[in-house]
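Take a look at the structure below.
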Amino acid sequence: MSDTLSAPAGATRTGAAAPARAARSPMRFLKPLLLLALLALLLVLPLYVEEFWLRTGFAVAGAIVGAIGLNLLVGTTGQLSLAHAFFLAVGAVSYTFISGESGGLGTRAVLRGLGLPPIVGMVVGVLLAGLAGLLFSPIAARLRGIYLGVASLGLVFIGVHVLNTWTPVTGGFNGRSVPEFSLFGFSFGNDDPQLFVLGVPFREAERLWYLGLVLALAAYVFARNLLRSRPGRALQTLRDSEVAASVMGVNVQAYKARVFLVSSMYAGLSGVMYALSIGSIAPESFGLTVSILYLAMIVLGGLGSVAGAALGAAFVTALPLVFQQFADVLPLVSSPGEGGIAAGIAARYLFGAAVILVVLFEPGGLAGFANRFRRRGRAPGRGSPSASPASAADRPTDTDPSDPPAQGSSTR
Amino acid sequence: MTQFLSLLLNGISLGAIYALIALGFVIIFKASEVVSFTHGSLLLLGAYSIARLSEPLGFLPAVLVGVLITAFAAFLVERLIINRLRGAPVISLAIVTIGVDIILLTELIRQIGPDILNVPHPWGGDSVRIGGVGISENRLIAMGVAGILIVAFFVAFKYSSWGVAMRASAEDGEAAALMGIRQGRVSALAWIVAGVLAAVAALFLVGAPTPGVSAAAYTVALRAFPAAILGGLDSTGGALVGGLLIGITEAMAAGYQEQLSFLGRGFGEVAPYVVMIIVLLVRPSGLFGTKELTRV
């Protein structure tokens, strides 16, 4: 568990070391300026772009939160989990149940709901998802590597079964609609209050855009700080070698439990955001496919890199939607019902191929690719194209354990 | 009592099919340290090719060609992808097989569409009674074929040079390589054998109690994962026991649905996973898996 996965360690490490190096380059001023410009652009975007892009943006924000959470678990700590869809479901269902109203609209069965304010639903949803993660962590802590991957697979199927069965809460097979979000009386729906900014009507899509922006940004900053802190370092050591970690005084079981807690809380928030963006929840939205797509996101973005997870999430979430939107323009892709390849399917082919190519050729993912590019730009002498495949030489710190038997996580 | 026996028999026959899939899973893991998430879609590929080819070719040739196609697909995956990643972390290898799975499964589901393809088994959907216990002929034949294949496999695994080579490289890859065992060839053969086993399992999995080949066959195939994990990922005998255990559990949970109604409809489909998690809680490496030792 050291060769390929050590690449993301390099990615995060260079990320952390960047300020020191940047001090010697013009990037020092450029980088914050660029970030500010990007933020400003994102802030004014609702004034100019269509509703479709804003809705896509909110879906992407939700996926970013989820992907960052999964990346903490899989990329940073090296615990393969296919259960992410389950924790998403816990968040989404809790939110719907707590903030939804009782009564059965459209379905035969009577739905129950607590009717509490949506913010309570969101917070409790996140907490419950975290609790579910914490409950699963004793199992997870006992299992190593691939056993955990398959055991977590079981959780997804059990989750879908519960979603199908527990009709009063989840809406059963047909699912149920999700209450609109509101914050201290300000609704994130289409009206109430009517809102115009510079003559542009701010309806649901615009309002949710800002909500997504704030939540995704918070998730990003939290994860980034976590990785640079002592616990973050502990988690990375855990991935590279459990034995080394415990020798260094890292409580392996406790840290595994905590990372499961944090990761599933991220998933819970992401689930709430997913529910808000779709407007309804159904069992099929939380199946194995979702877990696999999240895995694809973090692999494409770069295991262990927070920015990479965000990039991967944006790519995987937006691609099918964009394909759908431009189905008549793109070659080969078509809208459903016509000949050719449907948008979602075309996107799947791309993800699958991209995952394979990334693992084969660029284990650092998009983040690794960007890092390599940046390094080459800064030090033209060192980063000649012929030297770039051996970029491991640029990372003197993450050497493999010299003594193979000491690799606690190897499966022999 | 009759119901119990009937469920037991059906469970064992289902378990025999699972055991075939799980066995392929385990030998891939032993030979190349890969947990193949591609296995579900390989199985679906087998079922699909048999169903599609049986009209132009006839049943038996279609089965043969279907098995060959599946084995060849497994071989390709090994040669083109897995072989290049020798020595990579287990998680990377698992993820790359997930990538393959996404592509293969998407294509197969697109081809199958919403239809249910019919496989014209010559034995049809009839069932037979053995001492008052009913079982479909398909499942009965499945049990026989699976039994023969499994015995043949174990004999080959024990005595053939391939089996010896594979056990040696599973025991200690480097030492085996130094002894002149070609790891690449061992691994490729393991994938081919797993492909064959998956295709044979597919042939019976889409028979009698199941209506035919549909995308749902993939979900069924996934239940071989708990079977393999339950027995221990690196234990061939464990795959057999795990397969039977999962098959019986599923049949029982489905059969006693009335009594288990508080767990919800369709609990049988989830029961394998529940059993797996419980077993893993007690024995983290499965029933017969090698315990992971950490030497410092």
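The values are calculated or read from the model by the stated rules, or taken from the named source; none is laboratory data. Just so it is clear, the model here is predicted, and its values are computed rather than measured. No Cβ is skipped: glycine too gets one built from the backbone with ideal geometry, and neighbour counts run over all protein chains shown.
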Picking from A:Ala151, A:Ala129, A:Ala205, A:Ala141, which residue would you name as being modelled with pLDDT of 70 or more, of a type in the set (Gly, Ala, Ser), out of contact with any strand residue (DSSP E or B) (no Cβ under 9 Å at 6 or more places or on another chain) and surrounded by fewer than 19 Cβ atoms within 10 Å (Cβ to Cβ)? A:Ala141
Return only the number of the condition from (1) modelled with pLDDT under 75; (2) within 14 Å of chain B (Cβ to nearest Cβ) that A:Thr76 does not satisfy. (1)
For the range B:127-137, indicate whether the set of residues that are assigned to a loop (DSSP other than H, G, I, E, B), surrounded by fewer than 17 Cβ atoms within 10 Å (Cβ to Cβ), out of contact with any strand residue (DSSP E or B) (no Cβ under 8 Å at 6 or more places or on another chain) and within 14 Å of chain A (Cβ to nearest Cβ) is non-empty. no
Boolean, B:Gly124 is outside any helix (DSSP H, G or I), under 25 Å from B:Ala188 (Cβ atoms) and out of contact with any helix residue (DSSP H, G or I) (no Cβ under 6 Å at 6 or more places or on another chain): no
Six or more apart or on different chains, Cβ under 6 Å: which pairs go from a residue in the range A:150-161 that's within 7 Å of another protein chain (Cβ to nearest Cβ) and farther than 18 Å from A:Gly91 by Cβ to one that's crowded, with 24+ Cβ neighbours inside 10 Å and among the β-branched types (Val, Ile, Thr)? Could you list them? A:Val150/B:Ile229
Those residues that are surrounded by 24 or more Cβ atoms within 10 Å (Cβ to Cβ) and within 14 Å of B:Phe29 (Cβ to Cβ), I need them from the range B:188-197; list them, please. B:Ala190, B:Trp191, B:Ala194, B:Leu197
Is it the case, given these coordinates, that A:Phe52 is at pLDDT 85 or above and not small (Gly, Ala, Ser)? no
B:Ser169 more than 14 Å from every other protein chain (Cβ to nearest Cβ) and among the polar types (S, T, N, Q): no
Qualifying helices (runs of 4 or more DSSP H) (wholly inside the range B:1-81; at least 2 residues being within 25 Å of A:Leu295 (Cβ to Cβ) and of a type in the set (Phe, Trp, Tyr)): B:2-32
Does A:Asp398 qualify as being of a type outside the set (S, T, N, Q), modelled with pLDDT under 70, out of contact with any helix residue (DSSP H, G or I) (no Cβ under 7 Å at 6 or more places or on another chain) and not in a helix (DSSP H, G or I)? no
Complete set of residues in the range B:180-216 that are free of Cβ contacts under 8 Å to residues at least 60 places away in the same chain and touching a helix residue (DSSP H, G or I) at 6+ places or on another chain (Cβ under 7 Å): B:Ile181
Determine which single condition A:Gly301 fails, assuming it passes every other condition in (1) within 13 Å of the chain's Cα centre (by Cα); (2) at pLDDT below 75. (2)
Suppose the filter is in a helix (DSSP H, G or I), within 23 Å of the chain's Cα centre (by Cα) and either closer than 26 Å to B:Leu85 by Cβ or among the aliphatic types (A, V, I, L, M) (or both); does B:Gly163 pass it? yes
Going by the conditions given, is B:Asn83 in contact with a helix residue (DSSP H, G or I) (Cβ under 9 Å, 6 or more places away or on another chain) and away from chain A (no Cβ under 14 Å)? no
Let me confirm something: among B:Ala221, B:Ala176, which residue is over 13 Å from the mean Cα position of the chain (by Cα) and either at pLDDT below 85 or not aromatic (Phe, Trp, Tyr) (or both)? B:Ala176
